[in-house]
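Rule-based calculations on the coordinates, nothing more; no lab input. On a predicted model such as this, the values are computed, not experimentally measured, just so you know. Methodologically, a virtual Cβ is constructed for each residue, glycine included, from the backbone with ideal geometry; neighbour enumeration extends over all protein chains shown.
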Amino acid sequence: MKASTQARRLSLLFLMGLGVFRSAGQTPIIAAGDPVIAFDEDTASNSSYPGGESPNLAIDGSTATKYLNFGRENSGIIITPAFGPSVLRSFAITTANDAPERDPASVIIYGTNETIVSIDNSAGAGESWTRLAELPLALSIDRFMAMTPVDVTNNESFSSYKFVFPTMKGPGHNSMQIAELQAWDESNGQGQAIFGPADSALAIHESTPESSFPLAEGPDYLFDGLTSTKYLNFGRENSGFIVSPSIGPSVAGSFILSTANDFEGRDPVGWKLFGTNAEIVTESNGTGQDEPWTLIAEGRLEPPIERFAAAPQVFFENAASYTSYKFLVTEVRGSLENSTQYSEFQLFGAETAGRIVISAISLDQQGNEATITWDAPSGGLYQLESSVDLIDWGNLVATGLQVENDGVFSFQPPTGGKVFYRIVADSGN
């Protein structure tokens, strides 16, 4: 399955100076408002923190300091208490100084007795971990405020603990932050405190899809009909979108993509298109691999350097019907850009049932008669036109043609230079 650009769309076949034109469908498949999600197949740990907001400051006993991680969702901390193994039965978190949207909204707690081999700012996956609890958090809107201790059902002793924060209060946050984290070996915050300033603390961020986009540059802007808006994904290569057209099952045969406002280095140049009839269960900014996908076509784009401009229409062979499509960017034009972007995207139906196709053209040995083999929907009338430049099709060769005699039509060709032919619906009918 190979894609073709606008030039190849003409599907020109030269036999003794004659050309062939093949038409294609133009029915749009995607409409504004169709369900669409962003994805990126790549996963990575993006843990990082400012020099004065390191993880050990979450257990230093002071609310004047804090631990901040730019990994945002799924960031967290690994703590190894200096005094050895303990049984964690309750915990509490204290909010930091600013930006309540950075507060964790949920937590997953793990324990291990293995030696910690994970390093700072890693995924924290170098050990085998036992999940102790997964809980929602209701941190106060007030700053420097400790939550009421939350109990954990656990009677097992561990030498290290991992806290992962899957969700933030948000929206609009750029990080996760906490001022203090404390745990106890009894319920309700009673008993011995487990964490202290002498403990080892590591910043972590579980490997997650690299897909993310600015608030006003999501994938839904691809279908709004405006090149002044755009979809931008910081995942760069291997990012894209999944769309489920509201028209239902469709047979895609081509697409058009338009460039966005800035930085031509962000333009997609390599692509793959997939289809599925399964229910879409991938979450927004997931990996896009939670459904069974069939590769429809792949290839390279030729986007213009001009901004807000449509790339040549890309055609591909496809006869299968799908309810959802996945468009994957495999390569961007520039090597130093931090994202990929495009302003508009549209799939068009293959419309194989309504396509006019010239499959062969030949001349007799004397060159006095040309024969065209063609096919089109039966019951209609068609006309044969010629052109010397593929622009002016004003020369009418024959009218009133019907699909009969196995779609074969013979005529006397003009003499001299190269000539192109096409068959279209008869303009007089």
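Expressed as a rounded percentage, what relative contact order does segment 356-425 have, with Cα pairs under 8 Å and six or more residues apart?
38 percent
Under the rule of -39500 (n - 2.57) per DSSP H run of 4 or more residues, summed and divided by the residues of the chain, what mean residue ellipticity at 222 nm is obtained, to the nearest 500 deg cm²/dmol?
Dividing the helical sum by the residues of the chain leaves 0 deg cm²/dmol.
Round to the nearest 0.05 the FRET efficiency obtained for V408 and T43 when R0 = 56 Å and r is the Cβ-Cβ distance.
Step by step, r from the Cβ atoms, then E = 0.50.
Counting other C-beta atoms within 10 Å, which of F234, F223, F144, F39 has the fewest, and how do the rest follow?
Fewest to most other Cβ atoms nearby, the residues stand as F144, F234, F223, F39.
Would you mind putting 260-267, 207-214, 332-339 in packing order, based on average other-beta-carbon counts within 10 Å, highest first?
Final packing ranking: 207-214, 260-267, 332-339.
How large is ³J(HN,Hα) for each residue in segment 33-43, as worked out from phi by the Karplus curve 6.51 cos²θ - 1.76 cosθ + 1.60 (θ = phi - 60°), to whole Hz, x for Gly and Pro?
For segment 33-43, the Karplus curve yields x, 5, x, 8, 9, 8, 8, 8, 6, 7, 10 Hz.
What order, most packed first, do the peptides 124-131, 182-189 have when packing is the mean number of other Cβ atoms within 10 Å of each residue?
Order by mean packing, descending: 182-189, 124-131.
Give me the net charge of Q190's neighbourhood, meaning all other residues with Cβ under 13 Å from the Cβ of Q190; Lys, Arg count +1, Asp, Glu -1.
Value of the local net charge: -2.
Report, by chain and number, residues whose modeled amide H sits under 5 Å from the one on A44, excluding near sequence neighbours (fewer than 5 apart, same chain).
T208, E210
Which FRET efficiency, nearest 0.05, do R300 and D375 yield, Cβ-Cβ r, R0 35 Å?
0.70
How big is the charge dipole of the chain about its Cα centre, in debye rounded to the nearest 20, if each Lys and Arg gets +1 on its Cβ and each Asp and Glu gets -1 on its Cβ?
So the dipole magnitude of the chain works out to roughly 560 debye.
Normalised by the residues of segment 45-208, what does the relative contact order come to in percent, with Cα pairs under 8 Å and at least six apart?
43 percent
What list do you get for R300, R102, R236 if you sort them by fewest beta carbons within 10 Å?
R300, R236, R102
Could you tell me which of P214, L336, P413 has its Cα farthest along the dipole of the chain towards the positive end, charges placed at Cβ (Lys, Arg +1; Asp, Glu -1), taken about the Cα centre?
P413
Subtracting the Cα-Cα distance from 0.36 nm times the residue separation, let me have the gained length for E331 to T27 in nm, one decimal.
106.7 nm
Compute and list, largest first, the equivalent-ellipsoid semi-axes of segment 45-208 from the alpha carbon gyration tensor, each √(5λ) rounded to a whole angstrom.
Semi-axis lengths for segment 45-208 are 21, 18, 14 Å.
5 Å is the cut-off here: which amide hydrogens, built 1.01 Å from N in the peptide plane, fall below it relative to A398, excluding neighbours closer than 5 in sequence?
HN-HN under 5 Å from A398: L384.
Dipole of the chain (Lys/Arg Cβ +1, Asp/Glu Cβ -1, origin at the Cα centre): which of I30, T94, M145 lies farthest to the positive side?
I30
Only one of the listed values, (1) 1.11; (2) 1.41; (3) 1.21, was derived from the coordinates as Cα Rg over 2.2 N^0.38 Å; which label is it?
So the calculated entry is the one marked (2).
If contacts are Cα pairs under 8 angstrom and at least 6 residues apart, what is the relative contact order of the chain in percent?
22 percent
So how much slack lies between V117 and A198, counting 0.36 nm per residue of separation and subtracting their Cα-Cα distance, in nm?
Full extension of this stretch gives 27.3 nm more.
Can you list the lysines whose alpha carbon is less than 26 Å from that of K66, not counting same-chain residues fewer than 8 positions off?
The reachable lysines, counting only those whose Cα sits under 26 Å from K66, are K162, K169.
Calculated FRET efficiency, T153 and N97, Cβ-Cβ r, R0 41 Å, to nearest 0.05?
Taking R0 as 41 Å, the efficiency between T153 and N97 is 0.80.
Can you give me the distance in nm between label points at V424 and L363, each placed 7 Å from the Cα along the Cα-to-Cβ direction?
Going from the V424 label point to the L363 one covers 2.6 nm.
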